[in-house]
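Please read the structure below before turning to the comments.
Read the figures in this text as sums done on the coordinates, not as results from a lab. Predicted model only: the values in this text are computed from it and were never measured. Note that each Cβ is placed from the backbone with ideal geometry, even for glycine, and that neighbours are counted across all protein chains shown.
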Amino acid sequence: MDRGNTKREILEASLNLFSVQGFEATSISQIAGAVGIRKASLYSHFESKQAILDALVKDVLDQYATHSIFAKTNWEKDSDNLPRTPDAAVQMILGQIRYILHDPSISRARKMLVIEQFQNPELAELQSKQNYSDVMQYFTGLIKVLIRQGILSDDDPEIMAAQFCLPISVWINLCDREPDREPEVMELVSRHIQQFFRLYRPKEQTAFFQKLD
């Protein structure tokens, strides 16, 4: 068996197991059995279970940095993809949700973090960073730019960001538990974003649209 392929199979089997039963509850024997190799063979690729976890975390973070809008967009420097309308924001966020829910590695890694967040300090810190700090930083930056450009009314951008993104995080977690509810969640997210832009529309724009009505 090719060494490179075996190493990848070990990582994939480990992530499958970690995402279902957690890192602590998974043994090296279980991982080796899932790959179809002996424990001794596994140790020729990774010196320990922790080494496997470290490689998995690096893999997931590399993928996240490449594909996640939260990791690769800095609104203070790059506003080319700025969602200036509710419809543009809806499409951007729905695309990110689909990536989070359906990319196999990202989806399983998130489930692993949920299981391990109260047992493993390293993974707890990563869970907070990926699912709260990075998301809040991204949306706070986005809101600030939209306020400066007059697209949203001037208010507390951090609170606005929390109002915008935290309900979406709850709905994503709901989809993890109940995948069949994804269409319902997507509809809720769309309505939520439309309402957010409507509620925070600058007063002069609100008055203009009221005249039209």
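At a glance:
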item: Kirkwood hydrodynamic radius over Cα pairs of the stretch 115-190, then Stokes diffusion coefficient at 20 °C and 1.002 mPa s, in µm²/s; result: 153
item: FRET efficiency, 1/(1 + (r/R0)^6) with R0 25 Å, evaluated for Gln119 and Gln30 via beta carbons; result: 0.90
item: Pairwise centroid distance, computed over Cα atoms, of the stretch 167-203 with the stretch 85-113, Å; result: 12
item: Length-normalised contact order for the chain - Cα pairs under 8 Å, 6+ apart - percent; result: 21
item: Among 161-167, 151-157, 140-146, the order from most to least packed when residues are scored by Cβ within 10 Å on average; result: 140-146, 161-167, 151-157
item: Expected 222 nm ellipticity per residue - DSSP helices of 4 or more, -39500 (n - 2.57), all of the chain, to 500; result: -23500 deg cm²/dmol
item: Ascending count of other beta-carbon atoms within 10 Å, so fewest first, for Arg38, Arg110; result: Arg38, Arg110
item: Label-point separation, Glu47 to Arg8 (7 Å along Cα→Cβ), nm; result: 2.6
item: Neighbour-count ranking [beta-carbon atoms within 10 angstrom, fewest first] of Leu123, Leu199; result: Leu199, Leu123
item: Label assignment, percent of Cα pairs over 28 Å apart derived from the structure, set [x] 25; [y] 40; [z] 60; result: [y]
